[in-house]
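Read the structure below first, then the notes.
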Amino acid sequence: MSVLSDILVSDKHHSEAVSHSPKAYSNPYVTGVALGLVLLAAFVLVGRGLGASGAVSSAVATVVSSVAPEHAKANSFYSSYLGGGTFGLFKDWLVLEVLGVMVGGFLSGILAHRIKRTVEKGPRISVRNRLFFAFIGGGLMGFGAKLARGCTSGQALTGGALLNLGSWAFMMMVFAGAYATAYFVRRLWI
Amino acid sequence: MNFPLFKFGFFGDEVSLVLAFVIGIGFGFALERAGFGNARLLAAQFYFTDMRVLKVMFSAIVTAMFGVYFFGLFGILDISLIYTTDTFMLPQVIGGLILGIGFVIGGYCPGTSAVSLATGRIDGLVYFIGVAAGVFVFGELFPLIENFFVSGSMGNVSLPGYFNLSYGFVVFAVAIMALGAFIAAEWGEKKMAKKAEGK
């Protein structure tokens, strides 16, 4: 079962680099189990899972409400994130969780010497075009996540682990959409 | 039956917010370790050259799924108290499709773009702003799409409930499916590496 042994030691052959150059990324299976334990901690401690797009929704709703309060109040999407003014942005569970995500990502990056001001892109696309498509991709992601009631964190991971029917249908469609599009945008990446 | 602690009143809202931040740190740390602050590694999933997204995602799902299942079985966790969204089949299917397209065009999802921007990636920052713009467009169009958004409601339904299978059987089946996917991913990566060498 050489494939199974590959699963257990996958990435070991990415040799450890000299001290101040970026370290190789961790074994994906080990990291996945760690991520699963974080998710499990959220379940058993707080009774909810992880999320990300919900925090962006709260932020957007708060901004819209401060610019045009009546407009936000009349819109049931925004108002569902405003809680009738009884709680603020920094009393929102997902907002604090996402702030934690940024801090945790930064800490891990520092420890592994991976903090770098750069643009991740394929070799055949300009920085300007890459940033343009990053914005477009993010926009589709934000719209799709709201339609689906959650993103990769809230639906795929959380709902996936809880065996939620809609989350599994959603997850299959995410992979379907991405694989169906991959060929047409290959110049962005390869 | 004492878990989830928050739902049994062991602590209040303020502690739950502190926990949100701490859990977020763990989440972000794991995502960065996995290489998910890097759009090229995430996108590689869709060109079969590096199947990290699948490996990390399904390892995490299976781990948390087993935890919830066994804690429930031992009677220490009340699963019904864990928040999960109701199923609205068509909006979730269409939303998933749009989101998947956005994933491969932009290279991140919202959580991974947060890690990406925190580690200095400009594309991650622009992506994150894009997500906010997408949410804003959704919000502005909401009065027009609200009927679709609430269509196909099926209530809070799980795979075992929908397919009339036992919880334990579905847990076992998902774990086996994940293992099969891991073996296929290792095989596929090797195949792609050979192909790249041959060029």
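Return the only residue of A:SER57, A:SER66, A:SER76 being in contact (Cβ under 8 Å) with a residue 24 or more places away in the chain, within 26 Å of B:PHE142 (Cα to Cα) and outside the structural domain of A:PHE184 (by TED's automatic domain parsing).
On the way: A:SER66 fails: in contact (Cβ under 8 Å) with a residue 24 or more places away in the chain; A:SER76 fails: in contact (Cβ under 8 Å) with a residue 24 or more places away in the chain.
Residue meeting the stated conditions: A:SER57.
If we only count helices (runs of 4 or more DSSP H) wholly inside segment B:9-80, which ones have 2 or more residues that are surrounded by fewer than 24 Cβ atoms within 10 Å (Cβ to Cβ), more than 7 Å from every other protein chain (Cβ to nearest Cβ) and in contact with an Asp or Glu (Cβ under 8 Å, 6 or more places away or on another chain)?
B:39-44
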Does segment A:178-187 contain at least one residue that is over 17 Å from B:MET57 (Cα atoms), outside the structural domain of A:ALA34 (by TED's automatic domain parsing), open to solvent by less than 10 Å² (accessible area, probe 1.4 Å) and in a helix (DSSP H, G or I)? yes
Residue match in segment A:27-39 (condition: within 30 Å of A:PHE77 (Cβ to Cβ), within 7 Å of chain B (Cβ to nearest Cβ), touching a residue at least 40 places away in the same chain (Cβ under 8 Å) and open to solvent by 10 Å² or more (accessible area, probe 1.4 Å)): no
Members of segment A:74-93 that are assigned to a helix (DSSP H, G or I), more than 7 Å from chain B (Cβ to nearest Cβ) and open to solvent by less than 30 Å² (accessible area, probe 1.4 Å): A:GLY83
Step by step: first the residues of segment A:45-73, then only those that are in a loop (DSSP other than H, G, I, E, B) and out of contact with any Ser or Thr (no Cβ under 6 Å at 6 or more places or on another chain), then the one that is surrounded by the fewest Cβ atoms within 10 Å (Cβ to Cβ). Which residue is that? A:ALA68
So which residues in segment A:140-170 are in contact with a Gly (Cβ under 6 Å, 6 or more places away or on another chain), modelled with pLDDT of 95 or more, in a helix (DSSP H, G or I) and open to solvent by less than 20 Å² (accessible area, probe 1.4 Å)? A:MET141, A:GLY142, A:GLY144, A:LEU147, A:THR158, A:SER167, A:PHE170
Picked from segment B:119-148 (must be touching a residue at least 40 places away in the same chain (Cβ under 8 Å) and either more than 7 Å from chain A (Cβ to nearest Cβ) or out of contact with any Leu (no Cβ under 9 Å at 6 or more places or on another chain) (or both)), the residue farthest from A:GLY139 (Cα to Cα) is B:THR119
When you go through (1) open to solvent by 30 Å² or more (accessible area, probe 1.4 Å); (2) closer than 20 Å to A:THR181 by Cα; (3) assigned to a helix (DSSP H, G or I) one by one for B:GLY100, which number turns out not to apply? (1)
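The values are calculated or read from the model by the stated rules, or taken from the named source; none is laboratory data. The model shown is predicted, which means the values in this text are computed figures rather than measured ones. Every residue, glycine as well, gets a Cβ built from its backbone with ideal geometry; the counts of neighbours run over all protein chains shown. When the accessible area is computed, the model is the full protein with side chains, heavy atoms only, and any ligands, DNA or RNA have been set aside. Shrake-Rupley method; radii C 1.70, N 1.55, O 1.52, S 1.80 Å.
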